[in-house]
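See structure below.
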Amino acid sequence: MKLYFLIVGVLCLIYYVILVCYSRKLRSTFAVFWLLFGGAHLIAGCAPLTAYMYTILMWICAICWIIFLFVESRIIAALFSPGEKEADVLIVLGAQVRGTRITDSLKRRLDRTLVYLKRYPDVKVIVSGGQGPGEDVAEADAMAEYLLKNGVSPKALFREDQSVSTRENLRFSRKYLDGGRDRIGIVTNGFHIYRALTIAKQEGLCNLIPVPASSNPVFQVNYLVREFFAVLYVWMKKGAGR
């Protein structure tokens with residue numbers, strides 16, 4: 001068991017260093033988790049614990065791994081959604097904007113939207129996202145500007161610029177939908193698709209079509225682990241009746 005803690009601890013710290021070197025930030029998105037998680041494992045691996053204590057830790061780790069793998073299986077299954085279908089409307093979920101600059105994750109969502117529109121040009125598009133800390137404009141405005149520059153018709157574009165979360169993205173976008181008749185495509189990065197679809201169903205949306213965008217491969221594991229905690233929170237919120 002000591003060896004397990006030491007190996008996991010070292011791997012987590014190596015991944016943290018990779019994320020820091022790649023992003024050039026000590027505290028990039030969720031990266032500190034790997035530093036803390038890895039450090040905790042190294043401490044457990046080096047601590048003079050009794051065999052009985054290691055047995056307890058072994059069972060705790062086994063239960064945590066089972067829960068983790070169950071949740072991740074749902075997230076990854078949604079990431080590999082079946083073949084693309086035509087929607088009546090796309091809801092493009094917002095992501096962070098730095099000043100007025102679109103970040104990598106958001107650009108991937110928008111580029112995925114452009115590819116989709118080449119195949120289905122008559123689909124209307126809702127860009128959804130308000131203005132958060134460090135953002136000089138609403139995410140919806142930055143998204144709309146990018147799509148307009150890339151040939152999307154202003155008549156096909158609708159802006160929802162008040163939301164500050166995935167749930168609000170979907171809830172506030174409902175005013176642009178045609179009751180329960182619209183086939184709704186949800187555009188977001190693949191790791192986020194399962195949570196977005198789950199929240200959409202909780203918000204009463206139906207006829208949902210996942211439209212997953214790509215993600216930065218260096219951050220993919222980081223995103224998937226972060227989603228584990230986010231999905232658990234969504235499940236618990238549903239259980240508590242929101």
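The values are calculated or read from the model by the stated rules, or taken from the named source; none is laboratory data. All values reported here derive from a predicted model rather than from experimental measurement. Because the Cβ atoms are built from the backbone with ideal geometry, glycine has one as well, and the counts that use them run over all protein chains shown. To get the accessible areas, we keep the full protein, side chains included, count just its heavy atoms, and leave off ligands, DNA and RNA. Shrake-Rupley method; radii C 1.70, N 1.55, O 1.52, S 1.80 Å.
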Next item on the list: With r as the distance between the Cβ atoms of PHE70 and VAL10 and R0 = 30 Å, compute the FRET efficiency 1/(1 + (r/R0)^6) and round to 0.05.
Entry: 0.70
Notebook entry, point to check: Order of 105-118, 221-234 by packing, highest average Cβ count within 10 Å first?
Noted result: 105-118, 221-234
Note to self: Around ASN216, under 12 Å between beta carbons, what's the net of Lys plus Arg minus Asp minus Glu among the other residues?
What the structure shows: +1
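Working from the pairwise distances between different alpha carbons, so that the mean of 1/r is found and then inverted, what is region 113-233's Kirkwood radius in Å?
Numbers: mean 1/r = 0.0654 Å⁻¹.
Evaluated on region 113-233, it is 15.3 Å.
Grab the Cα-Cα distance for LYS149 and ILE18, subtract it from 0.36 nm times how many residues apart they are, and report the gain in nm with one decimal. Write out the running numbers ahead of the final one.
Values: separation 131, 0.36 × 131 = 47.16 nm, distance 3.43 nm.
So the extension gain works out to 43.7 nm.
Quick one: putting +1 on the C-beta of Lys and Arg, -1 on the C-beta of Asp and Glu, what dipole do you get for the chain around its Cα centre, in Debye to the nearest 20? Don't skip to the answer; put the middle values down first.
On the way: 30 positive and 19 negative charges, 26 e Å.
The calculation lands at about 120 debye.
Over every pair of different alpha-carbon atoms in region 1-121, take the mean of 1/r and invert it; report that Kirkwood radius in Å. Could the numbers behind the result be given before it?
Details: mean 1/r = 0.0550 Å⁻¹.
Hydrodynamic radius (Kirkwood, Cα pairs) of region 1-121 is 18.2 Å.
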Next item on the list: Against the globular-protein guess of 2.2 N^0.38 Å, express the Cα radius of gyration of the chain as a ratio, rounded to two decimals.
Entry: 1.15
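Taking 0.36 nm per residue of separation and subtracting the Cα-Cα distance, what length does fully extending LEU49 through ASP111 add?
Numbers: separation 62, 0.36 × 62 = 22.32 nm, distance 5.20 nm.
Result for the pair: 17.1 nm of gain on full extension.
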Checklist line | Carbon and sulfur %, accessible surface of the chain computed with the full protein complex present, 1.4 Å | finding: 64
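For region 110-153, with every protein chain kept in place, what is the accessible area per residue (1.4 Å probe, Å²)? Before the final figure, lay out the partial values.
Details: 2050 Å² over 44 residues.
Accessible area per residue, region 110-153: 47 Å².
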Notebook entry, point to check: What FRET efficiency comes out for the pair LYS85/ASN216, r = Cβ-Cβ distance, R0 = 22 Å, nearest 0.05?
Noted result: 0.25
Margin query: Need one number: nm distance between label points at LEU26 and ASP136, each 7 Å from Cα along Cα→Cβ, rounded to one decimal.
Written below: 2.7
